[in-house]
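Student: Quick one: the structure is below, and I'll ask about it shortly.
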Amino acid sequence: MTQMGFKTDKGKKRDRNEDSLFVLPQEEIYIVADGVGGQNSGEIASMMAVKGITEYIKEKPLSCIADEESLKEYFLDCMRCVNQMIYDTARESQENAGMATTVVLLHLVGNNAYFINIGDSRAYIFRDGMLRQVTEDHTYVNELVKDGSITIAQAESHPRKNMITRALGGGKKIFPDFYRFETQKNDIIILCTDGLYGELSLEEICSMAAASDSMSELSRDLIRCANQNGGNDNITVICLKL
């Protein structure tokens, strides 16, 4: 039985919340998205993403998927369809031009957790007192860190640290990452937008996960602390205890 909690908040500095989340507990599907774009386009993009993904899953039930390779292709096709929908909408009107969104999606099957991400929304797993980042950020500064141009410490204060290099709706082709992680009893999985980890250190998130028995309380506490630390962006979390 999976214990679940989730919450989204516009933070203390933004006029609107351009994050979206959606859960399909019966299908063990959990989605977080963070929209980008002018006006209210980011909000539209993230809502289109979670709505498009859930409609795809309802139309093509996951119960028909027989193996891991088929599951990977299923989600890649899902992301391609949603990407095309957002991309076309962005090109149809000037006010939505350039809109796009990050997505991190979790699907639980037996003892396996499958993650699909594009952009810089993250998935973490907390186990045995340690917090591990499962996904990799698709950002300009992460590319600089990987090629050794800057350090992780320099990346945290880099002026272009929020510049994402991949997103749904950002182009005709997309390149999401796909991960499989073998789960254990009492694992805690956290899906979140950059509004959370931009305000809280890994150590802070880890200590809060270690101290919490309720995933609803953990979701609320994470957002409360992110706001206390500045709340400079929208903040969205989904917390699951297996």
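Student: If I go through the range 88-105 residue by residue, how many of them are at pLDDT below 95 and either under 19 Å from residue 28 (Cβ atoms) or aromatic (Phe, Trp, Tyr) (or both)?
Tutor: Qualifying residue count, the range 88-105: 0.
Student: Inside the range 1-24, can you point out the residues that are surrounded by fewer than 18 Cβ atoms within 10 Å (Cβ to Cβ) and either touching a strand residue (DSSP E or B) at 6+ places or on another chain (Cβ under 7 Å) or under 17 Å from residue 87 (Cβ atoms) (or both)?
Tutor: 2, 3, 4
Student: Just the residues that are in a strand (DSSP E or B) and either touching a Pro at 6+ places or on another chain (Cβ under 7 Å) or at positive phi (or both), please, taken from the range 96-140.
Tutor: Answer for the range 96-140, where residues must be in a strand (DSSP E or B) and either touching a Pro at 6+ places or on another chain (Cβ under 7 Å) or at positive phi (or both): 116, 117, 118.
Student: Any chance you could count how many residues in the range 207-242 are closer than 21 Å to residue 33 by Cα and surrounded by 19 or more Cβ atoms within 10 Å (Cβ to Cβ)?
Tutor: Residues flagged as closer than 21 Å to residue 33 by Cα and surrounded by 19 or more Cβ atoms within 10 Å (Cβ to Cβ) within the range 207-242 amount to 17.
Student: If I filter the range 74-105 down to residues being among the aliphatic types (A, V, I, L, M) and in contact with a Gly (Cβ under 7 Å, 6 or more places away or on another chain), which single residue comes out as surrounded by the fewest Cβ atoms within 10 Å (Cβ to Cβ)? Step through it out loud before you land on a result.
Tutor: Pass one, the range 74-105, residues among the aliphatic types (A, V, I, L, M): 76, 79, 82, 85-86, 90, 97, 99-100, 103-105.
Filter once more, keeping what is in contact with a Gly (Cβ under 7 Å, 6 or more places away or on another chain): 82, 85-86, 90, 99-100, 103.
Details: 82: 24, 85: 18, 86: 26, 90: 22, 99: 30, 100: 26, 103: 28.
Once the filter is applied, the top-ranked residue is 85.
Student: Of the numbered conditions (1) in contact (Cβ under 8 Å) with a residue 12 or more places away in the chain; (2) not in a helix (DSSP H, G or I), residue 79 fails exactly one; give the number of that condition.
Tutor: (2)
Student: May I pose another question? From the set of residues in the range 177-189 that are touching a Leu at 6+ places or on another chain (Cβ under 8 Å) and in a strand (DSSP E or B), which is surrounded by the fewest Cβ atoms within 10 Å (Cβ to Cβ)? Break it down into steps so the answer makes sense when it comes.
Tutor: Residues of the range 177-189 touching a Leu at 6+ places or on another chain (Cβ under 8 Å): 178, 183-189.
Applying the additional criterion that residues be in a strand (DSSP E or B) yields 178, 188-189.
Numbers: 178: 16, 188: 20, 189: 26.
Ranking the qualifying residues of the range 177-189, first place goes to 178.
Student: Among the candidates 71, 108, single out the residue that is closer than 25 Å to residue 213 by Cβ, crowded, with 18+ Cβ neighbours inside 10 Å and of a type outside the set (Val, Ile, Thr).
Tutor: Numbers: 71 fails: closer than 25 Å to residue 213 by Cβ.
Criteria check complete, one pass: 108.
Student: Could I ask something else about it? Do we have residue 85 as among the hydrophobic types (A, V, I, L, M, F, W, C), in a helix (DSSP H, G or I) and under 14 Å from the mean Cα position of the chain (by Cα) here? Give the steps one after another, and end with the answer.
Tutor: On the way: among the hydrophobic types (A, V, I, L, M, F, W, C): yes; in a helix (DSSP H, G or I): yes; under 14 Å from the mean Cα position of the chain (by Cα): no.
Taking the combined requirement at face value, the residue does not satisfy it.
The values are calculated or read from the model by the stated rules, or taken from the named source; none is laboratory data. Predicted model only: the values in this text are computed from it and were never measured. Cβ coordinates were reconstructed from backbone atoms using ideal geometry, including for glycine residues, and neighbour counts include every protein chain displayed.
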